[in-house]
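Below: the structure, in structure tokens.
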Amino acid sequence: MLMNLYLEAADQAYGELTRLDQVAGDGDYGDNLREGLRGAVTRIPVDADLATEFEVTATYFLDEVGGTSGPLIGLLFNDVGSSLDGAADEDTALVAGLDAGTAAVSRVGEAKVGDRTMLDCLGPTLGDVHAARPPLDWTMVANQAFDHARATADLTPRMGRASYVGERAVGTPDAGAMGMALLFWALAVYRDPGSRGQLPDPAHLV
């Protein structure tokens with residue numbers, strides 16, 4: 001199950017995510033991501049398809065997870081689930097859903113690429129996907145996602161509480177961007193369990 005893999009990654013990365021968010025946020029991102037996924041997987045039927053996994057997880061994050069990240073992850077996953085529902089080609093539907101969800105996060109969160117948020121992983125990574133030749137290589141996509149998430153260390157935050165920290169956050173990657181890189185890690189392992197050795201260790205993000 002994809003969300004079990006995402007939870008596995010969030011569990012391993014919990015300490016790093018918490019440390020990163022303590023630099024520029026409330027320090028609760030690791031808790032919100034991990035606990036949201038823990039709650040969601042208990043509600044996903046054992047025979048759920050990928051659309052249902054995203055839909056159930058979206059509902060849980062929207063209804064049960066606090067902070068800024070909970071509703072935004074819920075919005076993202078809601079669009080992914082809708083795109084996957086009844087889709088003939090899962091990869092095409094995943095990308096379309098991630099595109100739509102990223103646009104929704106930008107609209108509702110009033111952020112854009114460059115503001116040092118989860119969008120600084122999602123936007124550039126999806127750009128890489130659209131620029132690549134098919135078939136889609138999720139392992140390559142996940143590695144690119146980590147590169148983009150790490151690159152947020154060079155950005156000055158412009159949104160939310162992090163904006164008050166300003167230049168002091170430079171040098172440390174954004175926790176939300178790293179959380180999205182972990183999603184791509186989970187997608188890569190879901191598509192090819194043998195890809196783990198070609199991916200970053202979630203316990204050592206930076």
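The values are calculated or read from the model by the stated rules, or taken from the named source; none is laboratory data. Just so we're clear, the structure is a prediction, and the values are computed from it rather than from any experiment. Neighbour counts run over all protein chains shown; Cβ positions are idealised from the backbone, glycine included. For accessibility, only protein heavy atoms count, side chains too; no ligands or nucleic acids. Shrake-Rupley method; radii C 1.70, N 1.55, O 1.52, S 1.80 Å.
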I'd like the full set of residues that are open to solvent by 20 Å² or more (accessible area, probe 1.4 Å) and in a loop (DSSP other than H, G, I, E, B), limited to segment 93-113.
110, 112, 113
Filter segment 26-64 down to residues that are at negative phi and surrounded by fewer than 22 Cβ atoms within 10 Å (Cβ to Cβ), then give me how many there are.
25
(1) within 15 Å of the chain's Cα centre (by Cα); (2) open to solvent by less than 30 Å² (accessible area, probe 1.4 Å); (3) closer than 20 Å to residue 193 by Cα: which one isn't true of residue 8, the others all being true?
(2)
Limited to segment 6-25, what total is found for residues that are outside any helix (DSSP H, G or I) and either free of Cβ contacts under 8 Å to residues at least 40 places away in the same chain or at positive phi (or both)?
0
Going by the structure shown, is residue 123 surrounded by fewer than 16 Cβ atoms within 10 Å (Cβ to Cβ) and either under 18 Å from residue 103 (Cα atoms) or at pLDDT 95 or above (or both)?
no
Quick check on segment 148-162. Is at least one of its residues of a type in the set (Asp, Glu) and surrounded by 15 or more Cβ atoms within 10 Å (Cβ to Cβ)?
no
With the first residue restricted to segment 138-157 and required to be touching a residue at least 40 places away in the same chain (Cβ under 8 Å) and among the hydroxyl-bearing types (Ser, Thr, Tyr), and the second required to be open to solvent by less than 50 Å² (accessible area, probe 1.4 Å) and outside any helix (DSSP H, G or I), Cβ contacts under 7 Å at 6 or more apart or on different chains are 139/199; 156/116
I'd like to know if segment 30-39 contains one or more residues that are of a type outside the set (A, V, I, L, M) and over 19 Å from residue 9 (Cβ atoms).
no
Go through segment 26-60 residue by residue and tally those that are more than 14 Å from residue 178 (Cα to Cα), of a type in the set (A, V, I, L, M, F, W, C) and in a helix (DSSP H, G or I).
8
